[in-house]
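Student: Structure below; questions to follow.
The values are calculated or read from the model by the stated rules, or taken from the named source; none is laboratory data. On a predicted model such as this, the values are computed, not experimentally measured, just so you know. Backbone-built Cβ (ideal geometry, glycine too); neighbour counts: all protein chains shown.
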Amino acid sequence: MPREFGRNRRVAQLIKEELAILIQKKFPLSQFGLITLTNVDVSSDLKNSTIYFTSLNQKKTNSELTAELNQHAGYFRYEISQLLTSKTVPSLCFK
């Protein structure tokens, strides 16, 4: 029976906490509205992650915001790699 809180769950929680801080710095509230990370799913091999978010925003549509977040995914991945001690850092995909 698999452990309830495996490594991918711990990595997902760390990614969620750190991304919340990075997004707050990179995407100001006045320009992009309130962005809330709702869930992070990390694959069992720790190579891919999907980040789900919601936005309270009147200036940009969700698809525009999703595209911008995915454009900055490389930067976010680099910043998270500075914190993780594992060999690989999951690629980030925002939905």
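Student: Name the pairs whose Cβ atoms lie under 8 Å apart, with the first residue in region 27-46 and over 18 Å from LYS60 (Cβ atoms), the second modelled with pLDDT of 90 or more and small (Gly, Ala, Ser), and 6 or more positions between them or separate chains?
Tutor: VAL40/ALA12; VAL40/SER49; ASP41/ALA12; ASP41/SER49; VAL42/ALA12; VAL42/SER49; SER43/SER49
Student: Give the residues of region 41-74 that are within 27 Å of SER30 (Cβ to Cβ), of a type in the set (Ser, Thr, Tyr) and at pLDDT 95 or above, sorted by residue number.
Tutor: Residue satisfying the conditions is TYR52 alone.
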